[in-house]
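Right, one structure below, let's go through it.
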Amino acid sequence: MLLTACAHPIRNPDPIDLAMRRYAGDVPGASLLVVRDGEVLVRRSYGLADLDTRDAATPSTDYRLASVSKQFTAAAILLLVEQGRLSLDDRLRRWLPELPEADDAITLRQVLTHSSGLVDYEDLMPADATGQISDQGVLELLVREPRLYFAPGSQYRYSNSGYVLLGLVVERASGMPLADFLHDRIFQPLGMHHILMYERGRGPEVPDRAYGYSFIDGKWIRTDQSPTSATRGDGGIYSNIDDLAKWNAALDDDRLLTAASRAAMFHPWVEVTGEPWQARYGFGWRLTGDTQWHSGETMGFRNVIVRWPKQHLTVIVLSNRNDPEPYATALAIAKPYLQ
C-alpha cells in the first residue's frame, strides 16, 4: 500500500497510520519509508511541509536531516582513506594545524567515534548569539579553547564539534568544498538527485523544502533556523525518503564503499554513555543489538534511520517538528516485519 501524502485526519487507520497519527492532519508532518530486501513496503507522508502555504508533505519532501547527516561525513572520510589521501590514525592537527597543542593527540578515528574530548562549540558560543555560526567560526572557537573534556580515546561524549571539523578535514584533504565533494562522490554516483548539503547563498536552494516547527504555548511556531543551523559536517544535509532509500541500498554492497570501509563504519568502536538508548558507536552510526541506527534532532526537525542488516529491513522517519521523538515509533513500525 502506497500513500504519497495525507494532509487530513485519517479515518479507519491501519496499524502504521495509527503509529503515525500524531503527524496527520493540519500539523507539521512526516515521511515514512519501510524497505525489506530492497523492496519498498511502505512509502507514506503525513501532515504539512509548510503550515503557511498548506503544502502537504510527500515522499519528495526534503527535511533537514540534522545528525543523520553525520553518516555522510563519515563516508566522505572513508572515501578519502580509500584514495590514500588520509588515514584514520592521522592526527587531527595534521589537517587542522591551527588547533591548540592540547588537541595534538586526537586522531580522526577518535573524532569519528566521539571519543576525542573536543569541547562542544555550542558551549563556547555567546549566550546571546543571534547570528548563525559557520564551520570556520566553529574552528575559530576551538582554536582559542585550550582544554579538552577528557584525554583523547578515554571516554565517549557526543560531539558536534568533531563532525564540523571532519567536514573541514574533507575539504583540506580533497581540495574541494564539502558540499561539492558529497555531491560528486556520493550523491550523484548513487542517483540521489534531490539530496544536498545546504549552504544559504551558495549552490541550489532546497527543493520541496519542509520547514521546521515547534509546539510552543499551545500552537505550532515556525522554528526552522537557529544560531547553529548553518554548520555542515554535523548536520547540514536535506533529503527526502526516496534518496535515503538509495543511500540505504548502497550500504549493503560495494557500489560506494568497499567492504573494509563498511566494516569500519559499522564496527562497535566505543560504548555510548550519557544517552537514553543503549548502544555502541561506529562511524556516524549507533549500534544496538541487531540494529544500525542514528537519530537527528535540530531546531524544528526530528528524524531517525534504523537498519536491521540481518533481516534486510530498514525504517526511516523524517519529520519537520520538535516532537515526538521518532525512534520508538520506528521500532514499533518495524516489529511486525521482524516476526
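The values are calculated or read from the model by the stated rules, or taken from the named source; none is laboratory data. Here the structure is a predicted model, which is why all the values come from computation and not from measurement. Cβ: placed from backbone, ideal geometry, glycine included. Neighbour counts: every protein chain shown. Calculation scope for accessible area: heavy atoms of the full protein, side chains included, ligands and nucleic acids excluded. Shrake-Rupley method; radii C 1.70, N 1.55, O 1.52, S 1.80 Å.
Can you give me the number of residues within segment 112-135 that are touching a residue at least 12 places away in the same chain (Cβ under 8 Å) and either small (Gly, Ala, Ser) or open to solvent by 60 Å² or more (accessible area, probe 1.4 Å) (or both)?
Residues in segment 112-135 being touching a residue at least 12 places away in the same chain (Cβ under 8 Å) and either small (Gly, Ala, Ser) or open to solvent by 60 Å² or more (accessible area, probe 1.4 Å) (or both): 9 in total.
Of all residues in segment 189-205 being within 16 Å of the chain's Cα centre (by Cα) and assigned to a loop (DSSP other than H, G, I, E, B), which is nearest to Met299 (Cα to Cα)?
Ranking the candidates gives Tyr198 first.
Condition first: basic (Lys, Arg), closer than 22 Å to Val143 by Cα and without any contact (Cβ under 8 Å) to a residue 60 or more places away in the chain. Now tell me which residues in segment 162-216 satisfy that.
The answer is none; no residue qualifies.
Quickly run through segment 139-175 and pick out the residues that are among the aliphatic types (A, V, I, L, M) and either surrounded by 22 or more Cβ atoms within 10 Å (Cβ to Cβ) or within 24 Å of the chain's Cα centre (by Cα) (or both).
Leu139, Leu141, Leu142, Val164, Leu165, Leu166, Leu168, Val169, Val170, Ala173
How many residues does segment 280-303 hold that are of a type in the set (A, V, I, L, M) and in contact (Cβ under 8 Å) with a residue 60 or more places away in the chain?
So the count comes out to 1.
Among the numbered conditions (1) within 20 Å of Asp55 (Cβ to Cβ); (2) of a type in the set (A, V, I, L, M, F, W, C); (3) crowded, with 21+ Cβ neighbours inside 10 Å, tell me where Phe187 comes up short.
Every condition holds for Phe187 apart from (1).
If a residue must be of a type in the set (Val, Ile, Thr) and either touching a strand residue (DSSP E or B) at 6+ places or on another chain (Cβ under 6 Å) or more than 20 Å from Phe283 (Cα to Cα) (or both), how many such residues does segment 130-175 contain?
4
Please tell me if Arg93 is open to solvent by 30 Å² or more (accessible area, probe 1.4 Å), charged (D, E, K, R) and touching a Leu at 6+ places or on another chain (Cβ under 7 Å).
When the stated conditions are applied, Arg93 passes them.
Can you say whether Trp269 is among the hydrophobic types (A, V, I, L, M, F, W, C), more than 18 Å from the chain's Cα centre (by Cα) and under 26 Å from Ser45 (Cα atoms), as far as the supplied structure shows?
Spelling it out, it is not the case that Trp269 is among the hydrophobic types (A, V, I, L, M, F, W, C), more than 18 Å from the chain's Cα centre (by Cα) and under 26 Å from Ser45 (Cα atoms).
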